[in-house]
1. Before we move on, is Thr72 in contact with a strand residue (DSSP E or B) (Cβ under 6 Å, 6 or more places away or on another chain), open to solvent by 20 Å² or more (accessible area, probe 1.4 Å) and not hydrophobic (A, V, I, L, M, F, W, C)?
2. Answer yes or no: is there a residue in segment 436-452 that is part of a strand (DSSP E or B), open to solvent by less than 70 Å² (accessible area, probe 1.4 Å) and out of contact with any Asp or Glu (no Cβ under 8 Å at 6 or more places or on another chain).
3. Which condition from (1) in contact (Cβ under 8 Å) with a residue 40 or more places away in the chain; (2) farther than 22 Å from Val31 by Cα; (3) open to solvent by 40 Å² or more (accessible area, probe 1.4 Å) is the one that His176 breaks?
4. Suppose we filter segment 128-170 for residues that are of a type in the set (Lys, Arg) and over 22 Å from Gln322 (Cα atoms); how many remain?
5. Across segment 124-143, which residue is farthest from Ala73 (Cα to Cα) among those that are open to solvent by 30 Å² or more (accessible area, probe 1.4 Å) and touching a residue at least 40 places away in the same chain (Cβ under 8 Å)?
6. Can you say whether Lys222 is open to solvent by 10 Å² or more (accessible area, probe 1.4 Å), among the charged types (D, E, K, R) and either touching a His at 6+ places or on another chain (Cβ under 8 Å) or at pLDDT 95 or above (or both), as far as the supplied structure shows?
7. If a residue has to be surrounded by fewer than 22 Cβ atoms within 10 Å (Cβ to Cβ) and in a helix (DSSP H, G or I) to count, how many in segment 90-104 make the cut?
8. Take the residues of segment 32-50 that are loosely packed, with under 14 Cβ neighbours inside 10 Å and assigned to a loop (DSSP other than H, G, I, E, B): which is modelled with the lowest pLDDT?
Amino acid sequence: MTHLSTFMDKMRQAHLPQVVLETFAHYYDQVISGATGMVSDDQIRPVDGTEIADAASLDSYIPAGRDVLGHTAQIVLNGGLGTSMGLTGPKSLLQVKDNKTFLQIIIEQAASAGVSLAFMNSFTTDAQTRAAVQALAPQPSPRFFLQHKFPKILRDDFSPARWPQNPELEWNPPGHGEIYTALGTSGLLSDFLSQGLRYALIVNCDNLGATLDPALLGYFSKHGFPFMMEVAQRTPTDMKGGHLARHANGRLMLREIAQCPESDLAAFQDIERFRYFNVNSLWIDLQALFELVRDNRVIHLPMILNPKTLDPRDAQSPAVYQVETAMGAAISLFEGATAVAVPDTRFQPVKKCADLLARRSDCFTFHTNGTLVPNPVRRLGRIQIRLDPAFYTLIDDFEQRFANGVPSLIACEALTIEGDVYFERDVVIRGRVRIHNSGPTPAVIPAGTVIEKNLTV
């Protein structure tokens, strides 16, 4: 039985635009007809290095990129709360380096590059982000637009989920693929074009390595690509990330792990077969996007159907589906879309406290243009950090244990902390080090300690 009319009434009462209702109806029809959004191996083939450009070879495009910086916008995905780190507010308001938040650094980066800046907020991050920007008072001020929301679907009868004790949980963010609809309904897409802007880089707020690179911009604009995805070589730690492939119809496409049938998971995780993963930094021709939205109204991205519980913190709450889409999947909608292989310096997200420890340490430094980059003095490559999840998963616990500053890690190849350990100021860690505390009380590393071998405290 279909409950579409009930969903439409619910969405109208939430004052969602008509195109959002039509978009949800498109996916709901797929759900009740049994569609899963799965993409099997026999529908695609891998992409090799001869099919896409390597960013390392594009320096000749720097002048072309600089010529169009004034016609370029940077759009930042700012809908996340960082709940996996125990944050209760926008992740972009977390201090990441030199007492600066992601938000502050992004604003400074855009100003240094001389490009327009916009944030796509969610209904959970909008108010706090706007207040934070108002307090910073940057000139010019960035633009904001709002990601829409979809109602959750009960798995047992495909009706709208109800949760009177917390009605907000009846809704889910529809994934960052919703950005294209949100740009259109907000009027920002038309505004950008009327202001003479033609190109946009779309990035995550927690990835400070993804900045306006003139070489990439020049390559994108000079060749007239409508869409370009940044990808990187997959490693064993990237086996779950969405990978680049080529569909049987010849177009490039993105397959997320949620779209992979269980029988094909081994192939999905084969990093030699599917060599490139999407780092979620996209370049888009705004005129091409405008024409896509104008001609199609509803953007038909591949559906990701996520089975969840209605209250994510209550495993006994009703089973629901969340309809989502990924913005990288739009690569399959544009004739002539391409991808470019970028170094891992452009992929520096902060997903957990171990990532934050690395960014706050001397392993990273600010470039003169405001970009957070690996410290060139370091000669050891990317640091490997493992923190005891019992004591370092949540940001409040992490902050307490490094309240006097993080250790120097510039000469550290790998760090593992087991048990409850607090650090005083000016601690130095070198080489491959395991710090172990099996006792029932916290251990303290005294100020000025130099650690060059495994330590039991």
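The values are calculated or read from the model by the stated rules, or taken from the named source; none is laboratory data. Just so we're clear, the structure is a prediction, and the values are computed from it rather than from any experiment. As a convention, Cβ positions derive from the backbone with ideal geometry for all residues, glycine included, and neighbour counts pool all protein chains shown. These accessible areas exclude ligands, DNA and RNA; they are computed on the full protein's heavy atoms, side chains included. Shrake-Rupley method; radii C 1.70, N 1.55, O 1.52, S 1.80 Å.
1. Against the criterion (in contact with a strand residue (DSSP E or B) (Cβ under 6 Å, 6 or more places away or on another chain), open to solvent by 20 Å² or more (accessible area, probe 1.4 Å) and not hydrophobic (A, V, I, L, M, F, W, C)), Thr72 does not qualify.
2. Within segment 436-452, one or more residues are part of a strand (DSSP E or B), open to solvent by less than 70 Å² (accessible area, probe 1.4 Å) and out of contact with any Asp or Glu (no Cβ under 8 Å at 6 or more places or on another chain).
3. Against the list (1) in contact (Cβ under 8 Å) with a residue 40 or more places away in the chain; (2) farther than 22 Å from Val31 by Cα; (3) open to solvent by 40 Å² or more (accessible area, probe 1.4 Å), His176 comes up short only on (2).
4. 2
5. Filtering segment 124-143 down to residues open to solvent by 30 Å² or more (accessible area, probe 1.4 Å) leaves 124, 126-128, 130-131, 134-137, 139-141, 143.
If we keep only those that are touching a residue at least 40 places away in the same chain (Cβ under 8 Å) too, we end up with 124, 143.
On the way: Thr124: 24, Arg143: 10 Å.
Once the filter is applied, the top-ranked residue is Thr124.
6. yes
7. First, pick out the residues of segment 90-104 that are surrounded by fewer than 22 Cβ atoms within 10 Å (Cβ to Cβ): 93-95, 97-101, 104.
After this cut, where a residue has to be in a helix (DSSP H, G or I) as well, the list is 93, 104.
Qualifying residue count, segment 90-104: 2.
8. Per the criteria, the residue is Thr36.
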